[in-house]
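The next block holds one structure in the form of structure tokens; read it before the comments.
The values are calculated or read from the model by the stated rules, or taken from the named source; none is laboratory data. Just so we're clear, the structure is a prediction, and the values are computed from it rather than from any experiment. Neighbour counts are summed over all protein chains in view; Cβ atoms, including those assigned to glycine, are modelled from backbone coordinates with ideal geometry.
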Amino acid sequence: MVRIIIAAHKKTQLPKDDIYLPVFVGAAMRDGAAIPGYVPDNQGDQISAKNPMYSELTGLYYAWKNLGADTLGLVHYRRYFEGKRHRKAAADGKTPEAFRKVLSGEELQSILEKSDIVLPKKQHYYIETIYSHYAHTHDSRHLDVTREIIREKYPEYTEAFDRVMKARSAHMFNMMIMKEPYLSAYCAWLFDILGELEKRFRLEENTDYQRRYIGRIAEILINVWLDRSVEEGRIARERIAVLPVIYFGKINWVRKGSAFLKAKFLHRRYQESF
């Protein structure tokens, strides 16, 4: 069984393909509210109440612990993997053009014949490293403490962490599709580190936007896990597929660019998404 969960906190248009399962993330924080047709992430073994820090990862945790899928993935209600085989107009004629570009179950099955992991194309930070970009826009202590935790709990990953920090590109967005053995290994490693990181910072020290640091650190950590796994031979590099990402929404590039420059040169951290 292949399941790609769509992490969402509100009702929105969804791709019409059986591989996708909309998950209402942070359901435990919504006072019993529900979204018809969406699976709440506060059932079974779950961490739904941690959504303000973990963001879409509460959905990933729920899916990992409860769905029992042979292949499991995570996308967002505004971000999807783009397929190369764009579908023709849906039979009902109401599917927007952009949604026809979303990766279909049929194409994914073809990809999985040759791949074990699917990731988004890397984001490039040409004038900054991964570490400096995070330090300018958020709080570098998050990364420093994460390194300490890795050195204590998973020392064999320390060199991979340092390599990723010095890199100028990385797979981001916490988007992935993995066959079960890899997904379980990754999630066990990831949530162990994040759970310890959570203990070492006081939530009230941050603004609502900055409280989502756990989710942002995870975006980086998947690159660390992957780097070390390939190095050890547990994952074959040629078995990793990379796909473009489709974004449904508007990006205010002027505000985003201005905020980036202020963060880099004036040390003003981000306070909102763009």
### Total residues in segment 1-49, condition in contact with a helix residue (DSSP H, G or I) (Cβ under 7 Å, 6 or more places away or on another chain) and hydrophobic (A, V, I, L, M, F, W, C)
11
#### Entry: The lone exception for Tyr61 - which of (1) hydroxyl-bearing (Ser, Thr, Tyr); (2) in contact with a Phe, Trp or Tyr (Cβ under 8 Å, 6 or more places away or on another chain); (3) on the phi > 0 side of the Ramachandran plot it fails
(3)
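Got a sec? Which of Arg141, Arg78 is surrounded by fewer than 20 Cβ atoms within 10 Å (Cβ to Cβ) and either within 19 Å of the chain's Cα centre (by Cα) or aromatic (Phe, Trp, Tyr) (or both)?
Numbers: Arg141 fails: either within 19 Å of the chain's Cα centre (by Cα) or aromatic (Phe, Trp, Tyr) (or both).
From the options Arg141, Arg78, the qualifying one is Arg78.
Give the residues of segment 117-127 that are at pLDDT 95 or above and surrounded by fewer than 19 Cβ atoms within 10 Å (Cβ to Cβ), sorted by residue number. First the steps, then the outcome.
Going through segment 117-127, the residues at pLDDT 95 or above turn out to be 117-124.
Across segment 117-127, the qualifying residues are Lys121, Lys122, Gln123, His124.
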### Count - residues of segment 40-67 that are in contact with a strand residue (DSSP E or B) (Cβ under 9 Å, 6 or more places away or on another chain), part of a loop (DSSP other than H, G, I, E, B) and either among the hydrophobic types (A, V, I, L, M, F, W, C) or surrounded by fewer than 17 Cβ atoms within 10 Å (Cβ to Cβ) (or both)
1
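Hey, could you check segment 225-249 for residues that are assigned to a helix (DSSP H, G or I) and among the hydrophobic types (A, V, I, L, M, F, W, C) and say which is farthest from Pro15 (Cα to Cα)? Reasoning before the result, please.
Looking only at segment 225-249, we keep the residues that are assigned to a helix (DSSP H, G or I), and these are 225-232, 237-239.
Within this subset, residues satisfying the condition of being among the hydrophobic types (A, V, I, L, M, F, W, C) are 225-226, 230.
On the way: Trp225: 30, Leu226: 29, Val230: 32 Å.
Among those residues, the one meeting the criterion is Val230.
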### Task
Read through the list (1) charged (D, E, K, R); (2) at pLDDT 95 or above; (3) out of contact with any Pro (no Cβ under 8 Å at 6 or more places or on another chain); (4) within 25 Å of Val23 (Cβ to Cβ), then give the number of the only condition that Glu148 fails.
(4)
### Message
Condition (residue is at pLDDT below 95 and of a type in the set (Gly, Ala, Ser)) applied to segment 215-232: is it met by at least one residue?
### Response
no
